[in-house]
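A short reminder: the numbers here are calculations on the coordinates, not readings from a lab. Since we're looking at a predicted model, the values are computed, not measured. As a convention, Cβ positions derive from the backbone with ideal geometry for all residues, glycine included, and neighbour counts pool all protein chains shown.
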């Protein structure tokens, strides 16, 4: 009997200790919430979008002539200047044809030169023959020269005239041959020059589309080049919030590979055609300073600043629960619905909340909040 008198007090002591520990270690931590109070300030209005790194223009560099690709002089990542040779096609027998045409041109020029010298000699002989003919003509008229000698002088003069005419014809023919050969030379040189593929712009090679040894069709692309100043983000913006976006608005660009280094940019173009499936509008956002290196088709996020709400009541966005917040009032939790005036990635400008309100910070490790729940701060 003496031992049993201590059992009840001991049990009560243990139960009380357990209840106290539960209250201190479980109930109080589960019921105690952190809180923040709203602040007044200005809030930049920003519109969020997701897109990829693209470019205003991508230049596919090709040859006007088809043929076997002999060599590609540039590779992906190389910078090129306008007019640089980026590839060469196999000329096959064009060099031999050019040598042959050049030889024909030289031969025609030499024949022209020889004919000119020959006609000079013939004209000198004709001048002498003219003198002889004139003398025999006078003597014939006076009866002192035989008719045979007069006829021979006249024949010699006519023969030289015929030879001069033939030489003049040969000169004309050789000059025509020379012109034709030189035109052939020019045409062949032009063909050979076209086998050198040159860059139409200064930029960066982003894609190699053909390899040495391949046989190309005319206008088949060899390299793809982009001008760095034309690189931008093609962002997809929900049509419902895109109406406030205008060209030249400031923006912040966050590349997936540089998520901790936001980059400044600006809106440069709003495309006139929306995507009928996703109901999104394409907005092109250019970099203020293009990062190096850059990668086309890399995913990126943009925040476009479309305006500013001044002297507004600001609360952290993470505290919003749908269209309101939980506040502390007289030991109880109460849900207050708010009018959201605007938001960015950190804060929301709201209406419908007292400036001194204590906004509860939701915590999944605490007991669930419900209207009228008893809580502590």
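The residue 161 and residue 246 beta-carbon pair, evaluated with R₀ = 56 Å, returns a calculated FRET efficiency of approximately 0.05. Using only Cα atoms, find the angle between the long axis of helix 94-142 and the longest principal axis of the chain, and express it within 0 to 90 degrees, rounded to the nearest 10. With rounding to tens, the tilt is 30 degrees. Taking the 0 to 90 degree range and rounding to the nearest ten, how far is the long axis of helix 147-194 tilted relative to the main principal axis of the chain, both from C-alpha atoms? Relative to the chain, helix 147-194 is tipped by roughly 10 degrees.
Taking the convex hull of the alpha carbon positions in the range 94-194 and averaging its projected area over all directions gives 6.8 nm². Full extension of the chain between residue 60 and residue 42 gives 1.7 nm of extra length, using 0.36 nm per residue less the Cα-Cα distance.
Summarised in one figure, the compactness ratio Rg/Rh of the range 138-277, Cα atoms and Kirkwood Rh, is 1.60. Structure remark: mean-square fluctuation, Gaussian network model of the chain, C-alpha springs under 10 Å; the largest value among 343, 266, 138 belongs to 138.
If the chain linking residue 149 and residue 354 were pulled fully straight, counting 0.36 nm for each residue of separation and taking away their Cα-Cα distance, it would gain 59.8 nm. Each helix, a run of at least 4 DSSP H residues, gives -39500 (n - 2.57); summed and divided by the residues of the chain, these come to -11000 deg cm²/dmol at 222 nm. Values [x] 48.2, 195; [y] 20.8, 71; [z] 20.4, 78 are given for comparison; Rg and Dmax of the Cα atoms in Å, derived from the coordinates here, is the one labelled [x]. Entry note, the chain: relative contact order of 29 percent, from Cα contacts under 8 Å with a spacing of 6+ residues. Per the Debye calculation on the range 60-100 with a single equal scatterer at every Cα and no solvent contribution, log₁₀ I(q)/I(0) for q = 0.22, 0.24 Å⁻¹ amounts to -0.83, -0.92. The simple Förster model, with R0 at 56 Å and r as the Cβ-Cβ distance, assigns residue 127 and residue 290 a FRET efficiency of 0.10. Hydrodynamic radius of the range 298-358 by the Kirkwood approach over all distinct alpha-carbon pairs: 13.1 Å. The angle between the Cα long axis of helix 7-22 and the longest principal axis of the Cα atoms of the chain comes to about 30 degrees, rounded to the nearest 10. Using 0.36 nm per residue and subtracting the Cα-Cα separation, the extra length available between residue 73 and residue 256 on full extension is 62.7 nm. Take the Cα of residue 114, step 7 Å toward its Cβ, do the same at residue 100, and the gap between the two points is 2.2 nm. In this structure, residue 298 and residue 339 have a Cβ-Cβ separation that, at R0 = 35 Å, corresponds to a calculated FRET efficiency of about 0.40.
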